[in-house]
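Below: one structure, written as structure tokens.
The values are calculated or read from the model by the stated rules, or taken from the named source; none is laboratory data. None of the values given here were measured: they were computed from a predicted structure. Note: ideal-geometry Cβ built from the backbone for every residue, glycine included; neighbour counts use all protein chains shown. Ligands, DNA and RNA are excluded from the accessible area calculation, which covers all protein heavy atoms including side chains. Shrake-Rupley method; radii C 1.70, N 1.55, O 1.52, S 1.80 Å.
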Amino acid sequence: MADAPSADRSPARRALRVSAPPRPTGPAGYPEASTRPASRPRHVRVGAEGVRRARAEEEDLPARPLRETAPAPLPDPTAQCCTVVRAAVEVLRGERPAAQLARWVTPQVRDQLAERARIGLAHDLLRNEEPHRPVQVRRVRLVRLGDDVAEATVVLDDDGRVRAAAVRLEARRGAWRVAVLEVG
């Protein structure tokens, strides 16, 4: 419309023209960073001891250090112990990979289980057996030797065969981990 001749030049129909200086652009059309120096208050340090003292002096309160919270007590490890022992027997039977136990056992226990399963499965390939019934826990006896150590014995029913397992659990990073596992 601006190129078309217009007989009517009334103020209501006049085109509004806005002009601004061109914006400098950096690579890929992004605006360049501001060259203005950043102005920050120099007297405030976040988390500094001086800030807490200054705030306490302003409020007329005594300065006090932050309280250290005690870690939450670990839950009863009996259920986890049963689960890990059942899963370990399933590893020995070849029904589960040993890597699935990495969360609950130490790397040494996991490697020993994997090696024992490999040897046992090589021996079992000579026999052709039917699918196994699920492993069932018959009895568990767990003793806590402190806040961060527990030992247990577990009696299992493994497809008509009774097995026993000895387990030592240790608290590591706020969770129970099996440090020693002996399955008979």
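Can you confirm whether segment 92-104 contains a residue that is at pLDDT below 95, closer than 14 Å to LEU156 by Cα and open to solvent by 10 Å² or more (accessible area, probe 1.4 Å)? Yes, segment 92-104 contains a residue that is at pLDDT below 95, closer than 14 Å to LEU156 by Cα and open to solvent by 10 Å² or more (accessible area, probe 1.4 Å). You will find that of GLY174, GLY184, the residue that is touching a strand residue (DSSP E or B) at 6+ places or on another chain (Cβ under 9 Å) and farther than 12 Å from CYS81 by Cα is GLY184 and no other. Beta carbons closer than 7 Å, at least 6 apart along the sequence or on distinct chains, pair a first residue in segment 76-90 that is at pLDDT 95 or above with a second that is in a helix (DSSP H, G or I) and open to solvent by less than 30 Å² (accessible area, probe 1.4 Å) for VAL84/LEU101; ALA87/LEU101; ALA88/LEU101; ALA88/LEU113.
Among the residues of segment 120-129, none is identified as open to solvent by 100 Å² or more (accessible area, probe 1.4 Å) and either at pLDDT 95 or above or under 17 Å from GLU182 (Cβ atoms) (or both). For segment 68-127, filtering for residues that are touching a strand residue (DSSP E or B) at 6+ places or on another chain (Cβ under 7 Å), among the polar types (S, T, N, Q) and not in a helix (DSSP H, G or I) leaves 1. Of the listed requirements (1) within 16 Å of GLY184 (Cα to Cα); (2) touching a strand residue (DSSP E or B) at 6+ places or on another chain (Cβ under 9 Å), VAL149 misses just one: (1). With respect to being open to solvent by 60 Å² or more (accessible area, probe 1.4 Å), over 18 Å from ARG110 (Cα atoms) and touching a residue at least 24 places away in the same chain (Cβ under 8 Å), ASP158 falls outside the description.
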